[in-house]
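Heads up: the structure comes next, in structure tokens.
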């Protein structure tokens, strides 16, 4: 089974902010998507709580940022995020487990 760690998200007026003059996906949208995709096999995978991202994810290929979350034992985990592709209407990004 291949775990999913990539998302293509629409850049619309509800989910988009501006970072350095460029469209960017809102931090809460990135964090929510990470939370929904983080557990490839929920019954054996690592649980993640309260993910957060420091800023919007700029819709520019190669852009990176590090989001964080908390594991069940209270330890903080860093989650690297990278933009794979971007158009005027969509952003494709991935995160590492």
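Within segment 42-50, identify whether any single residue is in a strand (DSSP E or B) and modelled with pLDDT of 95 or more, and answer yes or no. No, every residue in segment 42-50 fails to be in a strand (DSSP E or B) and modelled with pLDDT of 95 or more.
Inclusion of residue 80 among residues that are surrounded by 18 or more Cβ atoms within 10 Å (Cβ to Cβ) and either modelled with pLDDT of 95 or more or touching a strand residue (DSSP E or B) at 6+ places or on another chain (Cβ under 7 Å) (or both) is not warranted. All conditions in (1) at pLDDT below 90; (2) at positive phi hold for residue 20, with the sole exception of (1). Restricting attention to segment 61-77, the residues that are under 23 Å from residue 15 (Cβ atoms) and exposed (fewer than 15 other Cβ atoms within 10 Å of the Cβ) add up to 4.
Figure legend. Inter-residue proximity from segment 45-67: first residues without any contact (Cβ under 8 Å) to a residue 24 or more places away in the chain, second residues surrounded by fewer than 21 Cβ atoms within 10 Å (Cβ to Cβ) and outside any loop (DSSP other than H, G, I, E, B), beta-carbon distance below 7 Å, spacing 6+ or different chains. Indicated pairs: 49/70; 50/70; 62/83; 63/83; 64/80; 64/82; 66/78; 66/80.
The values are calculated or read from the model by the stated rules, or taken from the named source; none is laboratory data. Everything quoted here is computed from the prediction, not taken from an experiment. FYI the Cβ positions are ideal-geometry reconstructions off the backbone, even for glycines, and counts take in every protein chain you see.
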